């Protein structure tokens with residue numbers, strides 16, 4: 001798209017508040033990476049803008065120090081169309097790009113492209129992994145007991161996917177289906193569906209929220225998740241209204257490592273009961289465990305490990 005990311009500089013030089021960039025206030029800087037939801041200043045400005053707008057609609061003139069406050073988007077709309085900065089430029093992520101949708105990002109193809117491409121690589125791709133008997137666990141990812149991971153992004157946005165253990169246990173998959181954009185998912189509810197031939201399995205959602213993006217590639221190529229479960233194999237992104245509470249029910253760090261160890265032990269015991277110890281190669285398990293050991297039973301595996 002011809003856009004490049006800016007280099008990080010000092011907060012004052014690189015993070016002017018959106019209200020400052022729009023010219024609504026003279027001097028205000030952001031120190032929260034443009035996550036406006038918890039910002040008291042943003043809340044106060046919005047309240048003042050709403051009040052002023054209401055007074056004008058009633059034919060009254062706003063008074064006092066806050067009389068000139070309008071929504072920062074409305075102030076920017078006063079500029080010529082080719083001078084209105086894209087929201088991502090204002091956040092310092094890209095060089096200048098003009099907004100073409102009057103700051104209605106939900107209708108913008110570039111915003112969708114940016115979220116699908118930039119966000120995956122910039123915020124999701126893990127750097128450090130824990131290794132539990134050959135199974136990978138990325139640092140900083142939350143994990144649900146049903147083997148679905150959650151990675152926090154900006155604000156209350158969360159990206160979800162299925163972990164390495166479940167994908168190697170049941171994959172390669174033909175298809176992974178997720179609820180469409182705008183639909184709600186609920187923690188501990190079977191909202192994600194994956195298929196392998198005639199076999200089908202439901203996956204419990206780790207977080208509650210509204211779907212904001214779906215990895216549509218997985219509807220045709222479910223095995224992409226097997227190849228890269230923690231970045232390119234993401235399933236959906238949601239906006240959560242209960243994030244803090246939901247995270248209390250998930251595991252991270254040492255908790256995840258201990259959980260994986262228990263799951264691997266359970267799997268070894270199951271394999272030895274059905275096929276004997278030779279089913280494991282050198283102490284570590286092959287990929288496609290179900291495909292190599294169908295006698296383990298698809299339904300039994302999904303019930304034991306996906307908790308569905």
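The values are calculated or read from the model by the stated rules, or taken from the named source; none is laboratory data. Small disclaimer: the values here were computed from a predicted structure and weren't measured. So basically every Cβ, Gly included, is an ideal-geometry build from the backbone, and we count neighbours across all protein chains shown.
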Assuming residue 151 fulfils every condition listed in (1) in contact with a helix residue (DSSP H, G or I) (Cβ under 6 Å, 6 or more places away or on another chain); (2) surrounded by fewer than 23 Cβ atoms within 10 Å (Cβ to Cβ); (3) at pLDDT 95 or above apart from one, which condition is it? (3)
Filter result (in contact with a strand residue (DSSP E or B) (Cβ under 6 Å, 6 or more places away or on another chain) and at pLDDT below 95) within the range 265-308: 308
Scan the range 229-241 and tell me whether some residue there is free of Cβ contacts under 8 Å to residues at least 60 places away in the same chain and surrounded by fewer than 20 Cβ atoms within 10 Å (Cβ to Cβ). no
Please pick out the residue among 112, 117 that is assigned to a helix (DSSP H, G or I), under 20 Å from residue 154 (Cβ atoms), at pLDDT 70 or above and not assigned by TED's automatic domain parsing to the domain that holds residue 19. 112
For the range 154-172, state whether one or more residues are in a loop (DSSP other than H, G, I, E, B), surrounded by fewer than 16 Cβ atoms within 10 Å (Cβ to Cβ) and touching a residue at least 60 places away in the same chain (Cβ under 8 Å). yes
Given (1) part of a helix (DSSP H, G or I); (2) surrounded by 16 or more Cβ atoms within 10 Å (Cβ to Cβ); (3) under 23 Å from the mean Cα position of the chain (by Cα), residue 302 misses just (3)
Which listed residue is assigned by TED's automatic domain parsing to the domain that holds residue 158, within 30 Å of residue 112 (Cβ to Cβ) and surrounded by fewer than 13 Cβ atoms within 10 Å (Cβ to Cβ), from 295, 245: 245
Across the range 99-109, what is the total count of residues that are out of contact with any helix residue (DSSP H, G or I) (no Cβ under 6 Å at 6 or more places or on another chain) and either closer than 22 Å to residue 15 by Cα or part of a loop (DSSP other than H, G, I, E, B) (or both)? 5
Determine whether residue 209 is crowded, with 21+ Cβ neighbours inside 10 Å, closer than 22 Å to residue 168 by Cβ and assigned by TED's automatic domain parsing to the domain that holds residue 308. no
Looking only at the range 220-268, and only at residues there that are within 19 Å of residue 184 (Cα to Cα) and in a helix (DSSP H, G or I), the one that is nearest to the chain's Cα centre (by Cα): 243
Hey, among the residues in the range 185-217 that are touching a helix residue (DSSP H, G or I) at 6+ places or on another chain (Cβ under 7 Å) and modelled with pLDDT under 95, which one's farthest from residue 297 (Cα to Cα)? 213
